[in-house]
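Right, one structure below, let's go through it.
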């Protein structure tokens, strides 16, 4: 019986580690990004991992038209991106964007580790581009059902 105790304890640890999700720091984030007069996207991430998206005029009005939940991988990517760029405060070190082109960002970040801060950036900034890439990828799931209804290449519809 005493030989089974270490074995059972080890199995419980292994099973427990595989079945529980890792709790990450709660991130609240809003990002409005525009690129010219006709292209806009708005992303909202809540502390519980919910993500919402709105595009075009809805984005400008900060309205969302789709909601989903970040996967563990997307949440880890978001956390890593924020950590790598000091919660996007390092944009200031980049000279507040490059000032070229028509890209514009408005960002609100609120985390226990970083506190709450807002940024408005004209032009492209590496930290914000990295964050935008994570959010674009996560919100692209809104198209999954629609894309499945389209004909495949070479397929004819009657």
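The values are calculated or read from the model by the stated rules, or taken from the named source; none is laboratory data. A quick note: this is a predicted structure, and the numbers were derived from the prediction, not measured. All Cβ positions, even for glycine, are placed from backbone atoms using ideal geometry, and neighbour counts span all protein chains on display.
Here are the criteria: (1) farther than 30 Å from residue 119 by Cβ; (2) modelled with pLDDT of 50 or more. Tell me which single one residue 4 does not satisfy.
Against the list (1) farther than 30 Å from residue 119 by Cβ; (2) modelled with pLDDT of 50 or more, residue 4 comes up short only on (2).
Can you name every residue in the range 73-89 that is more than 11 Å from the chain's Cα centre (by Cα) and either free of Cβ contacts under 8 Å to residues at least 40 places away in the same chain or surrounded by fewer than 17 Cβ atoms within 10 Å (Cβ to Cβ) (or both)?
83, 84, 86, 87, 89
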